[in-house]
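Note sheet for the following structure.
Each value in this text was obtained by applying a stated rule to the coordinates, not by laboratory testing. Only a predicted model underlies this, so the values are computations on that prediction, with no experimental measurement involved. Cβ placement follows ideal geometry from the backbone for every residue including glycine, while neighbour counts extend to all protein chains displayed.
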Amino acid sequence: MTPLTFYLLCGVGLFGMGLFAFLTVAHLLRKVLALNVLGAGVFMVLIAVAHPDRSSLQPASPDPIPHALVLTGIVVAVSATALALALTCQYYAVTGRTDLPEDSPGSERPGP
Amino acid sequence: MNAPGPGLWAVLLVATPLLLALAAHVIGHRMQAILSWIAPLAMIVLVVGLIQSLSNQGATVYQIGGWEAPLGIAWRIDGLAAAMLAMTAVIVGASCVYAPGYFAGSLTKSNVRKIDVFWPLTYLLWAALNALLLSADVFNIYVTLELMTLASVGLIVLAGSADSLAAAIRYLLLGLLASLLYLLGVALLYANYGVLDIAILGSQLEGNGLTWVAATLMLVGLMIKTALFPMHFWLPPAHAGAPAPVSALLSALVVKASFYLTLRLWFGVFPEIAQPLAAQFLGLLGTCAILWGAVQALRAERLKVLVAY
Amino acid sequence: MNANPSANPRLGGATRTLLLVLMLGLLYLLAVVVLMIPERPLYLADDSRLSVVDERVIAESGVGNPVTAVLLNFRAYDTLLELAVLVLAVIGVQAAGAVVVPRNSKNGWQDNRLLQAALAIIVPVSIVVAGDLLWMGADHPGGAFQAGAVLSGAGIMLILAGRLNHSFLNDWRYRVANIAGVAVFVMVGLLVMTVGEKFLEYPGGYAKALILAIETAAMGSVAVVFVFLFDAVAGPLASARQEDRQ
């Protein structure tokens with residue numbers, strides 16, 4: 001297995017773990033964490049694609065476009081995570097809960 | 001000296017709401033008259049200018065930064081984009097006119113006037129929508145989608161109630177998931193083809209397994225945002241918790257923007273695999289959505305939830 | 001399977017197992033697809049390059065670092081929108097009402113001489129490092145975001161040490177710093193249109209100067225936004241803990 005293949009599969013694995021966690025946990029902070037792991041997986045796939053050893057041509061330097069895409073993606077993910085965290089803290093301060101109403105047992109709210 | 005091409009109007013349609021939003025963040029309380037009706041009128045003038053320029057010069061591709069795709073990012077300015085830009089201008093503009101009356105004097109929990117926060121959020125949403133409607137680059141679309149999501153979340157939470165907080169969190173988390181699914185699709189496409197431009201991807205695309213998976217990821221992401229059945233469950237609570245002008249924006253625009261993107265991608269990037277079967281599948285989903293909506297509407301109690309369906 | 005305390009109680013064990021199976025199936029599919037990625041991207045199959053960004057094109061961009069060339073020149077528009085996302089996070093927090101009000105009580109760290117002495121070294125050094133990263137970013141690894149992150153680290157340390165009790169959003173200077181990155185970017189983009197170029201098309205020879213101007217403003221914005229976001233999320237918790245201690 002080449003290093004490239006290894007990183008690609010790691011990226012896919014992280015993606016899957018993040019997705020599974022997001023869908024199955026109730027705690028909001030853990031959901032945010034899961035999304036970050038998911039994002040890390042996607043970024044890893046992108047960076048792996050940029051690797052110069054990918055091809056037998058052996059160019060001198062990696063492809064800069066995925067690097068730029070990941071930099072942008074990280075900043076966007078950090079901003080969104082910060083907003084999600086601030087909202088979660090506010091939600092906890094106002095309601096004392098750490099999960100959304102439909103995810104708690106004994107919730108009175110009728111489902112859609 | 002040629003008459004200004006569609007490109008100039010398009011640039012102004014994105015740059016103007018951006019600059020207005022930034023100014024509103026700093027001195028919004030002094031700009032109320034401008035923001036509430038002068039600027040929306042100006043935006044409508046810009047859209048009219050774009051449409052007129054289009055009818056003179058026809059559909060164009062505008063290279064931002066002067067770099068030709070796939071090196072740079074391109075905009076596709078055509079009739080469909082112009083129509084959506086016009087609809088956006090009318091709806092957001094109406095929301096701007098209505099907003100000062102709706103928010104009159106109310107404050108957030110930290111004693112900031114809500115209307116002062118409404119302006120930067122709304123104009124940034126407007127800029128994001130315009131940027132999204134014009135974009136012809138799949139990664140650029142991802143960034144505009146994120147911009148749109150965050151602006152929408154800010155607008156939802158402005159209502160200030162615990163319900164709106166929960167709705168905003170739900171919307172944000174699902175929106176992020178959708179964007180990341182879309183981004184994985186983009187990553188796979190780039191890995192395979194080395195380009196991010198919709199037109200070039202469309203011409204290069206082969207119908208192999210990787211393309212199918214990338215297409216599915218991107219379209220599922222967009223479906224979540226479009227709230228197309230069966231991904232629709234997040235939409236009604238978001239509407240119920242949001243302030244009234246925001247509800248109008250969400251249902252009329254944000255959701256339709258994702259649908260517009262689905263069309264653009266389907267016919268721009270994936271024409272090779274856009275089979276009649278897929279069109280029938282979408283039609284089937286639409287029919288189910290209507291039936292489901294009718295059943296739920298009969299059971300709904302609050303008016304806004306009704307409208308959302 | 002042991003009871004997982006963080007699991008969503010609404011999902012039964014059977015549903016979770018089904019989800020797990022579906023997820024493993026999806027992972028298998030993705031692994032297969034990822035292994036199908038070709039050695040060279042199909043668009044460049046007849047070429048000897050791995051990327052559309054090669055030495056010839058980088059030389060035209062005005063900077064030496066290929067990633068900076070992509071971020072601030074070829075795909076500058078993406079970077080502009082990304083800076084707007086940063087600003088939007090701050091405004092979203094403001095909309096939620098989670099603005100931190102000035103903390104009147106001392107948080108106890110002001111009297112810690114070791115910390116304050118360390119800060120007297122760390123903060124100026126951070127500023128110098130940030131400036132260096134910004135300048136070097138044109139031709140070496142570095143750039144506006146990295147420099148902004150270093151600066152924001154210094155700012156966060158100041159907050160934790162109790163030296164920066166500020167109501168950021170009520171201060172118009174902070175709000176200007178917030179938007180400076182995007183504002184300068186958009187205005188540069190419009191300015192070059194007055195000399196007949198397209199939006200964000202730097203006229204010949206001016207590329208490096210314009211890029212540096214944009215990056216400086218962006219660095220300031222990134223630093224200021226990150227400091228505020230940290231304060232908004234961790235500020236109330238940091239204060240609370242101090243009060244418990246007293």
Seminar exercise, completed: With +1 at each Lys and Arg Cβ and -1 at each Asp and Glu Cβ, the charge dipole magnitude of the range C:55-245 around its Cα centre, to the nearest 20 debye, comes out at 560 debye
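With the radius of gyration and the Kirkwood radius both derived from the Cα set of the range C:27-102, what is their ratio Rg to Rh? Display every interim value, and only then the final one.
Details: Rg = 20.2 Å, Rh = 16.5 Å.
Rounded to two decimals, Rg/Rh equals 1.22.
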Problem set entry | Relative pair counts by distance (%), Cα atoms of the range B:1-136, 5 Å bins | 2, 11, 19, 20, 16, 12, 9, 6, 3, 1, 0
For this session: Could you rank the peptides C:198-211, B:187-200, C:178-191 by their average count of other C-beta atoms within 10 Å per residue, with the highest value first?
Result: B:187-200, C:178-191, C:198-211
Exercise. How do A:22-31, C:146-155, A:4-13 rank on mean C-beta neighbours within 10 Å, highest first?
Worked result: C:146-155, A:22-31, A:4-13
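Across the residues of B:134-142, average count of Cβ atoms on other protein chains within 10 Å?
Working: counts 0, 2, 0, 3, 0, 9, 5, 0, 6.
The shielding value for this peptide is 3.
If we count other beta carbons within 10 Å of each Cβ, what is the order of C:168, C:230, fewest first? Working shown, then result.
On the way: C:168 22, C:230 19.
So the ranking, lowest neighbour count to highest, is C:230, C:168.
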Exercise. Quick one: net charge of residue B:176's neighbours, Cβ under 13 Å, K/R +1, D/E -1?
Worked result: +2
Problem set entry | Top positive-direction residue, dipole computed over the range B:1-142 with Cβ charges, set B:43, B:122, B:87 | B:122
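List the DSSP H helices in chain C whose Cα atoms stretch 27 Å or more along the helix axis and whose mean Kyte-Doolittle hydropathy is at least 0.0. Mind showing how you got there, number by number?
Details: long enough: C:13-35 (33 Å, 2.27); C:76-95 (28 Å, 1.73); C:113-136 (34 Å, 1.80); C:207-245 (54 Å, 0.98).
Span-like helices in chain C: C:13-35, C:76-95, C:113-136, C:207-245.
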Seminar exercise, completed: If A:63, A:53 are placed from fewest to most neighbouring beta carbons inside 10 Å, the sequence is A:53, A:63
For this session: Could you list the chymotrypsin sites (Phe, Trp or Tyr not before Pro) in the range C:22-90 that lie in coil according to DSSP, counting only those with at most 14 other Cβ atoms within 10 Å of their Cβ?
Result: none
Exercise. If each residue's Cβ is checked for other Cβ atoms within 10 Å, how do C:176, B:14 rank with the fewest at the top?
Worked result: C:176, B:14
Exercise. Per residue of B:211-223, what is the mean number of Cβ atoms on other protein chains within 10 angstrom of that residue's Cβ?
Worked result: 1
